[in-house]
Amino acid sequence: MNTLDELENRLKTFIEQHLVKYLSGQTAQEEIAHLLAKAMYNGLVKRGSLIKAPNFFTISAHPITIAQWTKDPRLLEELANALYETGTAAGYRFTNRIKITTVPDSSLTPGQIKVSASIRTGPLVETRGVPAVSQSEEDKQDAILPNAFFILHGTKIIPLTQPVINIGRRLENHIILDDPRVSRAHAQVRFIKGQFVIFDLDSTGGTYVNGKRITQTVLYPGDVVSLAGVTLIFGQDLPASRLIEEATEPGHAKTSERPTAHLPPPDQEPR
């Protein structure tokens, strides 16, 4: 198995040769090469002589940084190609072509970057099944979802692929959190009028967004959701124009004034 240094040097060389126009400056090139290589290396899975590498990468950065990156739509695609070529040359196998997505995080300083990676072979088991709560016609019209997800434990990517997603300890939930602090039916996320809204289902430990206990609230990229202490980071791909607005407007999600959907809570079941 190739060492982390070898993988990083391969990726750095590729970036220097092919991505100079996207990542100007040696420091920026070295930093992204190091973080991507480390995320790939830490996510390797060995099965006999076969080494499987992550194919889904999430880059967290300040909204202004991401807005600058997304001005050039080719950057993430070229970085994905660089990772694929580097990993293939190192002898790794990928289940699918590499995808890189971004998560705005206002807690990071401009220029600061965090990277996580995972192996995805298709829809995750946590999002299996049909919604346990019936959908209105309005919900069904909202069924075409944007690319949104939770990050669990800083590394595990859980795509939000349904308009209604139940979260809790019970096995029938779409997202199962096997933690005694979490209620059996703890929270629910619904896609309403183009936004993801999280509801607390009268849980014992409570649902918190950015440290504030909520009953329901709209989720914004970079929001930190705590279910009785189990942390999920909400991410969603947004156009660069919206990223800039959310980073500069007083009504950004990180302020205390957070809009809600003003809907009755979902039907609740015993915890």
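The values are calculated or read from the model by the stated rules, or taken from the named source; none is laboratory data. Computed from a predicted model, the values in this text were never measured in an experiment. Surface areas here come from the heavy atoms of the whole protein model, side chains and all, with no ligands, DNA or RNA. Shrake-Rupley method; radii C 1.70, N 1.55, O 1.52, S 1.80 Å.
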* To do: Work out from phi, with θ = phi - 60° and the Karplus expression 6.51 cos²θ - 1.76 cosθ + 1.60, the ³J(HN,Hα) of each residue of segment 201-208, listed in order in whole Hz, and give x for Gly and Pro.
  => 9, 6, 6, 5, x, x, 10, 10
* Answer rounded, prolate or oblate for segment 26-86, using the Cα gyration tensor with square roots of eigenvalues a ≥ b ≥ c: rounded when a/c is under 1.5, else prolate when a/b is larger than b/c, else oblate. => prolate
* When the Karplus curve 6.51 cos²θ - 1.76 cosθ + 1.60 is applied with θ = phi - 60°, which whole-Hz ³J(HN,Hα) does each residue of segment 217-226 get, with x for Gly and Pro? -> 6, 6, 9, 10, x, x, 4, 9, 9, 10
* Once a ≥ b ≥ c are taken as the square roots of the eigenvalues of the Cα gyration tensor of segment 1-118, is the result rounded (a/c under 1.5), prolate (a/b larger than b/c) or oblate (a/b not larger than b/c)? -> prolate
* To do: Would you please give the residues with an amide H less than 5 Å from that of Thr231, counting only those at least 5 places away or on a separate chain, with H modeled from the backbone geometry?
  => His153
* Asked: Listed here are the pairs Lys12/Lys156; Lys46/Lys99; Lys38/Lys156; Lys114/Lys212; Lys12/Lys52; which of them are more than 18 Å apart at the Cα?
  -> Lys12/Lys156; Lys46/Lys99; Lys114/Lys212; Lys12/Lys52
* Asked: Whose amide H sits under 5 Å from the amide H of Ile113, counting only residues 5 or more places off or on another chain, with H placed in the peptide plane?
  -> none
* To do: Using a/c under 1.5 as the rounded threshold, could you call segment 162-210 rounded, prolate or oblate? The axes a ≥ b ≥ c are square roots of the C-alpha gyration tensor eigenvalues, and prolate needs a/b larger than b/c, oblate otherwise.
  => oblate
* Structure fact -> Rounded to whole Å², per residue accessible area for segment 75-116 with a 1.4 Å probe reads 43 Å²
* **HN-Hα J in Hz across segment 163-173 - Karplus 6.51, -1.76, 1.60, θ = phi - 60°, x for Gly and Pro** => x, 10, 10, 9, 10, x, 7, 5, 5, 7, 5
